[in-house]
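What follows draws every value from the coordinates through simple rules; no lab data is involved. A quick note: this is a predicted structure, and the numbers were derived from the prediction, not measured. Backbone-built Cβ (ideal geometry, glycine too); neighbour counts: all protein chains shown.
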Amino acid sequence: MSIEAHDLHHEFPDMTDQIRNLKMNDRHFARLFDEYHDIDHTVRRIEEQKEAASDERLEGLKMRRLQLKDELYSMLKKQ
């Protein structure tokens, strides 16, 4: 089974420059970006069955990832 990439560069390929700029110049964005990346990494490990987790934990992580993605996207649009 192929696991889909959800990192921000794959999610928003047309915003690579904005992502890089905000990561370097906006501490809040950088913190949210890091949290998003960490959660995405954990979700991928669970989906690849390299890490065990309950369905509730996985769904909670996916919901948090979606919230972060929405917030990061909002910040990127303002850039």
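Note on the chain: GNM, Cα springs under 10 Å; of GLN49, GLN18, GLN67, the largest mean-square fluctuation is that of GLN49. Using the Karplus relation 6.51 cos²θ - 1.76 cosθ + 1.60 with θ = phi - 60°, the per-residue 3J(HN,Hα) values for the stretch 12-25 come to 10, x, 7, 10, 4, 5, 5, 4, 4, 4, 5, 4, 7, 10 Hz, with x marking Gly and Pro.
A simple charge model with +1 on the Cβ of Lys and Arg, -1 on the Cβ of Asp and Glu and nothing else charged puts the dipole of the stretch 8-78 at about 260 debye relative to its Cα centre. Using the Cα centre of the chain as origin and beta-carbon charges of +1 (Lys, Arg) and -1 (Asp, Glu), tell me which of ALA30, LEU68, LEU58 is placed farthest towards the positive end of the dipole. Farthest along the dipole direction, towards plus: ALA30. Computed from these coordinates, which is Kirkwood radius over Cα pairs in Å: (1) 13.2; (2) 21.5; (3) 14.3? Computed from the coordinates, Kirkwood radius over Cα pairs in Å corresponds to (1). Here LYS78 is the anchor, and the lysines within straight C-alpha reach of less than 23 Å, apart from those fewer than 8 places off in the same chain, are LYS23, LYS69.
With R₀ fixed at 35 Å, the C-beta to C-beta distance from ASP17 to LEU66 puts the FRET efficiency at about 0.90. Here the gap between LEU58 and GLU4, fully extended at 0.36 nm per residue and compared with their Cα-Cα distance, gives a gain of 17.9 nm. Sequence-ordered 3J(HN,Hα) estimates for the stretch 40-56 from the Karplus curve with 6.51, -1.76 and 1.60 and θ = phi - 60° stand at 4, 4, 5, 4, 5, 5, 5, 5, 7, 6, 9, 9, 8, 6, 6, 4, 5 Hz, glycine and proline given as x. Per residue of the chain, the DSSP helices (runs of n ≥ 4 H) give a summed -39500 (n - 2.57) that works out to -24500 deg cm²/dmol at 222 nm.
Across ARG65, ARG20, ARG44, mean-square fluctuation computed from a Gaussian network of the chain (C-alpha pairs under 10 Å connected) peaks at ARG20. The phi torsions of the stretch 62-79, fed into the Karplus equation with coefficients 6.51, -1.76 and 1.60 and a -60° offset, translate into couplings of 5, 5, 5, 4, 5, 4, 5, 4, 4, 5, 5, 4, 4, 5, 5, 5, 7, 5 Hz, rounded to whole numbers, with Gly and Pro shown as x.
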